Amino acid sequence: MPNASALLVIDMQNALMAIAHRPAETVAVIAELRARAKAAGAPIVTVQHQDDTDLPAGSEGWRIVADLAPGPGETVVPKNSADSFLDTGLDATLRGLGVTEVVVTGFATEMCVDTTARQALSHRYDLVLVEDGHTTSLRPEAGGPYVPADRSIAHHNEIFRNIRFAGRRTRVLRAAEVDFSS
């Protein structure tokens with residue numbers, strides 16, 4: 001049975017892109033995926049983090065970057081944790097749309113992208129992690145508690161190439177390889 005795919009765009013917000021590694025490149029990749037998903041009639045779901053301290057609703061930092069702003073009829077799911085499924089309507093939205101596979105993009109690789117991707121599998125969705133469609137925060141290339149951003153992104157792509165969830169299909173694809181028509 002073919003998958004009914006939805007593009008999931010996680011936390012691509014002004015304040016977060018201000019601290020992101022390679023934000024322009026990541027936004028461009030996701031914008032191109034959005035255009036292809038829209039052309040194929042695939043649902044696009046934007047997940048938007050909100051908290052009263054760092055990303056208060058309505059603030060400029062909270063807003064989705066202009067190139068990825070949700071269009072008419074597109075769903076926006078607010079969240080307040082790294083898990084886009086936790087205490088949100090994401091699962092009900094996806095089920096209501098008949099989605100069986102999520103195509104995951106966004107910010108931040110080790111937190112919201114990773115957590116949401118794993119939860120999608122636990123919620124019985126097949127998964128495509130877009131290899132060049134997620135990013136993380138800027139960090140020093142040497143020293144500090146985090147590995148360099150490029151290594152973190154590569155590490156997570158490799159984890160998802162090898163992760164296994166019974167009955168679920170998991171793929172890591174470059175944006176150019178994602179096909180919303182099948």
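The values are calculated or read from the model by the stated rules, or taken from the named source; none is laboratory data. In this text the structure is predicted, and so the values were computed from the model without any measurement. Note that we place each Cβ from the backbone using ideal geometry, even for glycine, and neighbour counts take in every protein chain shown. Only protein heavy atoms, including side chains, enter the accessible area calculation; ligands, DNA and RNA are left aside. Shrake-Rupley method; radii C 1.70, N 1.55, O 1.52, S 1.80 Å.
Overview of results
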{"read-out": "Of all accessible heavy-atom area on the chain, the percent that carbon and sulfur account for (1.4 Å)", "value": "54 percent"}
{"read-out": "C-alpha center-to-center spacing [the stretch 165-182, the stretch 7-85] in angstrom", "value": "20 Å"}
{"read-out": "Estimated inter-spin distance, N14 and H155, nm [label 7 Å along Cα→Cβ]", "value": "3.2 nm"}
{"read-out": "Sites matching trypsin sites (Lys or Arg not before Pro) across the stretch 124-168 that sit in DSSP coil, with at most 13 neighbouring C-beta atoms within 10 Å", "value": "R124, R164"}
{"read-out": "Chain lengthening between T88 and K38 when straightened (0.36 nm per residue, less Cα-Cα)", "value": "15.6 nm"}
{"read-out": "Restricting the stretch 1-88 to trypsin sites (Lys or Arg not before Pro) in coil, as DSSP defines it, with at most 11 other Cβ within 10 Å", "value": "none"}
{"read-out": "The stretch 59-161 - percent relative contact order, Cα under 8 Å, separation 6 or more", "value": "21 percent"}
{"read-out": "Distance in nm between pseudo-label sites at S81 and S122 (7 Å out along the Cβ direction from Cα)", "value": "0.9 nm"}
{"read-out": "Kirkwood-based Rg to Rh ratio, the stretch 12-133, C-alpha trace", "value": "0.92"}
{"read-out": "Kyte-Doolittle mean at least -0.5, axial Cα span of 30 Å or more - DSSP H helices of the chain", "value": "none"}
{"read-out": "Evaluated over the stretch 84-126, the Cα radius of gyration and Dmax, each in Å", "value": "10.0, 28"}
{"read-out": "Tensor-based shape of the stretch 22-78 (alpha-carbon gyration tensor, a/c under 1.5 rounded, otherwise prolate or oblate)", "value": "oblate"}
{"read-out": "Rounded accessible area per residue of the chain, 1.4 Å, Å²", "value": "47 Å²"}
{"read-out": "222 nm mean residue ellipticity, helices alone, for the chain (DSSP H n ≥ 4; -39,500 (n - 2.57); rounded to 500)", "value": "-8500 deg cm²/dmol"}
{"read-out": "Candidates per GluC sites (Glu not before Pro) in the stretch 1-107, loop by DSSP, up to 11 other Cβ within 10 Å", "value": "E60"}
{"read-out": "P(r) weight above 18 Å for the stretch 90-175, C-alpha pairs, percent", "value": "43 percent"}
{"read-out": "Stretchable slack from N162 to E177, in nm (0.36 nm times residue separation minus alpha-carbon distance)", "value": "3.6 nm"}
